[in-house]
Amino acid sequence: MRNRNSMSATLSDYILAMRDAGAVKLYAKVLAPNDNSKNQIYLAADPVRLAQIPSSEFYSDGKKPGILKASLNLHWVALDGTLSAAPFSQLIFYPQYPEVRLSGILKGTQGAPNTVIASRDTGRFLMIGVTSSDLVLAVAGCSSDDLERFLEPETDKSGASVLRAIRSDAGFTSQTLLLASLKRIHETGWISAKSLRADGSLVPCAGNRCVGHTLEAELGIPQNGVCGPDFLDWEIKAGTYKNYGKIQPAQAITLITPAPTGGLYRELGTADFIRRFGYPAKSGTHDRLNFGGTFFYGVREPNTGLTLDLPGYDLKSSSFPNGGGIALVTDTGDVAANWDLASLVTRWKSKHAFACYVPAERDQADGSSFRYGNKIRLGTDPHIRYFFKSIVDGSVYLDPGLKLEGAGSGKPRTKERHQFRVRNIDLSRLYGNFWETDLLSLG
């Protein structure tokens with residue numbers, strides 16, 4: 001346990017205190033004068049830039065539908081190692097500006113640095129850490145003069161002071177570690193299809209998802225169904241091509257796969273929803289109903305009679321001032337299915353802060369092995385606004401795949417897949433920073 005006076009403490013002292021408290025990831029920002037307990041603390045323009053900070057799902061408290069909140073399990077860390085819970089800590093997302101602020105961090109806690117947070121003085125900083133058990137730790141102090149040398153490069157283009165990662169002691173960033181691993185996998189060549197179980201065992205893989213499962217197994221990522229980044233801070237997406245050196249511009253990539261949160265889909269249940277809006281399988285499969293098609297914004301899908309809409313969306317501000325989301329609506333305006341804004345923000349935050357797209361080839365002889373390309377694409381700074389803008393301009397679309405097998409039997413079986421997709425040529429629209437890297441150019 002360290003015993004250091006906060007008045008003479010250095011940034012290194014605060015970093016060591018956070019490490020001693022169990023932080024495995026560290027982030028910090030210089031506090032601006034209006035970053036205080038009265039005005040709340042600005043962290044980022046979009047929740048997705050805070051994907052590394054564990055929180056509850058976003059929700060609306062009903063008072064102001066356009067404002068979303070998410071709770072934090074945050075504890076203040078004293079230099080002597082004492083932890084003090086801040087039970088009212090939360091992230092607040094104001095889509096109309098847009099910005100995410102940190103609120104409630106002083107309320108109901110005895111060990112918070114009240115003087116630092118309440119002040120408007122320059123030279124203050126906030127440091128946030130995350131433990132392996134997703135506990136959020138925080139310290140604040142007044143020795144920010146040399147903070148910049150501890151931080152990873154800034155990628156935000158707004159010019160505002162945002163939360164940034166603190167470099168690891170070894171000098172490696174999550175990006176350099178990812179690229180080194182992908183280079184090794186590329187140089188391995190053909191790899192038999194496999195999946196890594198949660199218990200650490202490897203098993204053969206069969207099916208359409210094996211290109212991703214095999215890559216994740218090589219990266220040490222188990223198939224545990226957790227909604228969050230795959231490798232450190234990065235979401236990994238592998239796609240199969242005839243030639244991984246030639247990416248087809250029109251080939252589609254799945255972005256997120258959230259189930260609807262409301263509408264007739266939730267009221268009726270999946271089976272009756274398909275019975276109402278589906279159609280007989282065009283393949284001729286006996287006693288099977290399908291619900292599918294490509295749903296573009298404002299365009300009626302002929303097989304289902306439904307239109308993709310963004311209720312509550314303001315085109316001028318590219319936001320939802322009073323709440324809303326995505327909906328499939330009938331010709332008479334009934335909501336067949338909808339995805340509320342809070343659930344979409346939560347999913348986008350958890351999956352797309354840092355994304356890496358890896359091309360692959362499947363062995364044409366037996367289809368049971370893959371090899372992965374050397375030219376990968378990376379995207380960062382993916383504001384949720386870009387997602388909705390891309391729906392409006394037709395770049396992102398809904399491509400569901402729902403089936404009701406044995407529809408006329410006593411025991412019908414449902415299969416469902418809800419996916420929002422984008423073509424390769426439009427992928428860069430979703431990110432503030434998007435670039436290609438050749439793994440073979442790395443040292």
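Mean projected area of the Cα convex hull of the chain, taken over all directions, amounts to 24.3 nm².
For region 20-46 versus region 311-380, the spacing of their alpha-carbon centroids is 28 Å.
Entry for region 11-165 at q = 0.14 Å⁻¹: log10 I(q)/I(0) = -0.64, Debye formula applied to identical alpha-carbon scatterers, no solvent contribution.
Sparse packing (at most 14 other Cβ atoms within 10 Å of the Cβ) combined with a DSSP loop state is found for the following trypsin sites (Lys or Arg not before Pro) in region 171-260: ARG197, ARG209, LYS242, LYS246.
Other residues with beta-carbon under 12 Å from the beta-carbon of PHE295 carry, at +1 per Lys or Arg and -1 per Asp or Glu, a net charge of -1. Exceedance of the 29 Å cut-off in Cα-Cα distance is limited, within the set LYS282/LYS349; LYS375/LYS403; LYS351/LYS375, to LYS282/LYS349; LYS375/LYS403. Straight-distance candidates among the lysines for linking to LYS316, with alpha-carbon spacing under 17 Å and chain neighbours fewer than 8 residues away dropped: LYS389.
The alpha-carbon of LYS194 sits under 20 angstrom from the alpha-carbons of these lysines, leaving out residues fewer than 8 places away in its chain: LYS183, LYS237.
Here the dipole of the chain is about 520 debye; that uses its Cα centre as origin and unit charges on the Cβ of Lys and Arg (positive) and Asp and Glu (negative). Relative to one another, the C-alpha centroids of region 381-443 and region 94-142 are positioned 34 Å apart.
By the count of other C-beta atoms within 10 Å, a proxy for reagent exposure, PHE125, PHE93, PHE150 are ordered fewest to most as PHE150, PHE125, PHE93. Could you give the angle, 0 to 90 degrees to the nearest 10, between helix 341-351's Cα long axis and the longest principal axis of the Cα atoms of the chain? With rounding to tens, the tilt is 80 degrees.
Sparse packing (at most 14 other Cβ atoms within 10 Å of the Cβ) combined with a DSSP loop state is found for the following trypsin sites (Lys or Arg not before Pro) in region 262-325: LYS282, LYS316.
Look at THR188, THR380, THR214 and count the other Cβ atoms within 10 Å of each Cβ; fewest to most, that gives THR188, THR380, THR214. The trypsin sites (Lys or Arg not before Pro) of region 324-431 meeting both criteria, a DSSP state outside H, G, I, E and B (loop) and at most 14 other C-beta atoms within 10 angstrom of the site's C-beta, are ARG417.
Electrostatic tally near PRO33: other residues with Cβ closer than 14 Å to its Cβ, Lys and Arg +1, Asp and Glu -1, net +2. Ranked by the mean number of other Cβ atoms within 10 Å per residue, highest first, peptides 115-123, 133-141 order as 133-141, 115-123. Report, ordered by chain and residue number, the aspartates and glutamates lying within cross-link reach of LYS411, taken as a straight Cα distance under 18 Å and ignoring same-chain residues fewer than 8 apart. Answer for LYS411, where 18 Å is the Cα cut-off: ASP272, ASP287, listed by chain and number. Percent of C-alpha pairs per 5 Å bin in region 196-283, short distances first: 3, 10, 15, 15, 14, 15, 15, 11, 4, 0. Estimated purely from DSSP H runs of n ≥ 4, each contributing -39500 (n - 2.57), the mean residue ellipticity at 222 nm for the chain is -4500 deg cm²/dmol once divided by its residues.
Rule-based calculations on the coordinates, nothing more; no lab input. Every value quoted in this text rests on a predicted model; they were computed, and no experiment measured them. A quick note on method: Cβ atoms are made from the backbone with ideal geometry, for glycine too, and the neighbour counts reach across all protein chains shown.
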